[in-house]
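Worksheet: the structure to be examined is printed underneath.
The values are calculated or read from the model by the stated rules, or taken from the named source; none is laboratory data. This is a predicted model, so every value here is computed, not measured. In this analysis, Cβ positions are derived from the backbone assuming ideal geometry, glycine residues included, and neighbour counts consider all displayed protein chains. These area figures cover heavy atoms from the full protein model, side chains too; ligands, DNA and RNA do not enter into them. Shrake-Rupley method; radii C 1.70, N 1.55, O 1.52, S 1.80 Å.
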Amino acid sequence: MKNNLKISVFLLLSLFCFSAWAQEKSILEKLDEVAIIDQKVMMPMRDGVRLATDIYRPKGDGKYPIVFSRTPYNFNTWGNGEMNTRTMQTALSWVEKGYAYVVQNERGRYFSEGEWDILGVPLTDGYDAIDWMSKQNWSNGKVGTLGCSSTAEWQMAVASLDHPALAALVPQGYGAGVGKIGDFWEQGNWYRGGAGQMLFTNWLYSVQHDPMAPKLPKGIGQEDLLRLQRFYDMSPEYPRIDSKAALSHLPVQDIIKAANGPKGIYEEMITRKPNDPKWFNGGLFHDEQPFDKPSFWFVSWFDVSAGPNIALYNHVRENAVSEMARNNQYLVIAPVLHCSYTRATEDTKVGDLSVGDARLNYDEMITAWFDKWLKGESPELVTEMPKVQYYTMGSNEWKSSDVWPPAEAVMTTMYLDSDGNANTRLGSGKLTPKKPRKDNPDTFKYDPMTPVESYGGNVCCTGNAVTGGSFDQSEMEMRDDILVYTSDVLEEGVEVSGFIESYLYLSSDAKDTDITIKLIDVHPDGKAYNLDETIQRVRYREGYDKEVWMEDGMVYEVKMTPMSTSNYFGKGHQIRIEVSSSNFPRFDRNMNTGGNTYDETEGVIATNSIHHGGKNLSRIVLPMVK
């Protein structure tokens, strides 16, 4: 208690030295009135490594539930000589609600000891942290986890260890924690359909710590850490780069090196194939792991990981160990970008597309969720909450369902057809409910040196390389290497909500290539807004445990990784898909050689054909809500 008081006084005295910090003064004064502040607690792990932890708990001798956030990001109170109050604002909010708020850095990050391995931090770290917290004399023995993106990615795999004190989860935008779930072999968002997602190349440039970076002595005490945190936040300062130009560098494995970035785990991870055993030895959740915790999941339609996130929700709901856990899985799907739930406004825009008033009472729902599972209360907001709350774009409204996809959704097939000239939106490509009798394949040339550029999309973390969201694709659809298939004008509106399946029949003169697909809502004015997209590296068409090359003249069925959306295609609109072989730099380029991709500097032009008639019925299957 004496040490905690010293810390609070230290913070307040530092504050009063600078009269211009009126806002910080208010936050700190309020926090000091209600909370015991214990920063830079070095929490011990079973192997002796200590993790830097800040603890904020209500004053008094009570026992309190804990909201726990574990993160690779910097939450230090000081940076560049100025006080940061974001974490303290969050702490104040939870303390005022009767919770202890604990935030901790992963091993190897900032003041935490040890070596960092994104997606590979030992699961036992999370278990040990929960164990330590639950045994403190101020704890009521209940811990709930909370966080978005990298602050969420660890939650599911740690939950599989089933610590009894872990009472409930709130993972948000958690795709980087998903390894293998059903049709998705994301390996932490590193892959989609076996193709590399370039977000991590850009993200790791500004996140990974160089192994030669200075470190504090192991075993340093809390008193010294409190003093040092005012002057050193242990955060590297990387020069900003032009991400779009940087990601164009070849070979891919040298992108960070070419940008004079830090050395680190990227160089090893970029060489891993989708089924590398290392993916299964770290912090990723795979569908063979047990799960038995109540969870409140949050997903975004324009996040990089909407599909695998929803698939994981369904997997847990169907396969959780106990009936209690199976019955206590809840899902919210919002029409926003990565971790942007609370940024929704009265006129929410994702890219250039307005999706209406997408606001929701997130703080109230999450608080009620923890009140139920950590305090043992029965808030009406939880007891009456639908299992799935999802936002339908187009009609721009929140809806609810007991399952996902909604039970009313009927899988409806639409076939690709043309007279052999579906190139560009001015071609003859169409989506039709009728099976084409004759195969008139559409052919295009894919040159990896001039790939189709990513324009909008379901992305995160790519800097200026890709702007996420929905944009008019009609100009892009004038490229000859994009095949465009469009339905008739809809006489009645239709809602599409769920997973979109697609099966494409491909022939190529290359050993290997990629197939990309994009789902589009064509408005009456001709603007074509993207909804979701996916890719398949064809060498993995028979599974991710082997590579199978193509033979010239052969036609292959390629089952695409599912897309996901909820969109109302209004009367007068059209449903469209684009098919090509690149979506760069959203995904890395297939060099068409059958090589490793990551170490190649030269590619070959592939002549690719999509077949759609007779026995080669290329098609998409849409979950249409009747």
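Determine which member of the set V158, V103, V170 is in a strand (DSSP E or B), at pLDDT 95 or above, open to solvent by less than 10 Å² (accessible area, probe 1.4 Å) and within 30 Å of L225 (Cα to Cα).
On the way: V158 fails: in a strand (DSSP E or B); V170 fails: within 30 Å of L225 (Cα to Cα).
From the options V158, V103, V170, the qualifying one is V103.
Residues V299, V316: which one is buried (at least 19 other Cβ atoms within 10 Å of the Cβ) and touching a Gly at 6+ places or on another chain (Cβ under 8 Å)?
Numbers: V316 fails: touching a Gly at 6+ places or on another chain (Cβ under 8 Å).
Only one candidate passes the filter, namely V299.
Out of the residues in region 225-263 meeting the condition of being closer than 21 Å to E186 by Cβ and touching an Asp or Glu at 6+ places or on another chain (Cβ under 8 Å), tell me which one is least open to solvent (accessible area, probe 1.4 Å).
V252
Residues are listed down the side, and each one gets a yes or a no for (1) surrounded by 24 or more Cβ atoms within 10 Å (Cβ to Cβ); (2) modelled with pLDDT of 95 or more; (3) within 25 Å of the chain's Cα centre (by Cα):
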site: G526; (1), (2), (3): no, yes, no
site: I535; (1), (2), (3): yes, yes, yes
site: E547; (1), (2), (3): no, yes, no
site: K559; (1), (2), (3): no, yes, yes
site: P562; (1), (2), (3): no, yes, yes
site: G595; (1), (2), (3): no, yes, no
site: H612; (1), (2), (3): yes, yes, no
site: S618; (1), (2), (3): yes, yes, no
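Output the residue which, of all residues in region 330-386 that are open to solvent by 60 Å² or more (accessible area, probe 1.4 Å) and of a type in the set (G, A, S), is farthest from L92 (Cα to Cα).
S378
Would region 478-486 turn up any residue that is without any contact (Cβ under 8 Å) to a residue 24 or more places away in the chain and part of a loop (DSSP other than H, G, I, E, B)?
no
Take region 43-53 and flag every residue that is touching a strand residue (DSSP E or B) at 6+ places or on another chain (Cβ under 6 Å) and either of a type in the set (F, W, Y) or open to solvent by 30 Å² or more (accessible area, probe 1.4 Å) (or both).
Across region 43-53, the qualifying residues are P44, R50.
Please state which one of S295, S300 is small (G, A, S), under 17 Å from L169 (Cβ atoms) and touching a residue at least 40 places away in the same chain (Cβ under 8 Å). It would help to see each step written out before you state the result.
On the way: S300 fails: under 17 Å from L169 (Cβ atoms).
Only one candidate qualifies: S295.
Restricting the first residue to region 344-368 and requiring it to be free of Cβ contacts under 8 Å to residues at least 24 places away in the same chain and in a loop (DSSP other than H, G, I, E, B), which pairs with a second residue that is surrounded by 16 or more Cβ atoms within 10 Å (Cβ to Cβ) and among the β-branched types (V, I, T) meet a Cβ separation below 8 Å and a spacing of at least six or different chains?
From region 344-368, the pairs are A344/V336; R359/T348.
How about region 415-461: which of its residues are over 32 Å from the mean Cα position of the chain (by Cα) and of a type in the set (G, A, S)?
Within region 415-461, S418, G420, A422, G427, S428, G429 meet the criteria.
For region 489-502, indicate whether the set of residues that are in contact with a helix residue (DSSP H, G or I) (Cβ under 8 Å, 6 or more places away or on another chain), in contact (Cβ under 8 Å) with a residue 12 or more places away in the chain and open to solvent by 30 Å² or more (accessible area, probe 1.4 Å) is non-empty.
yes
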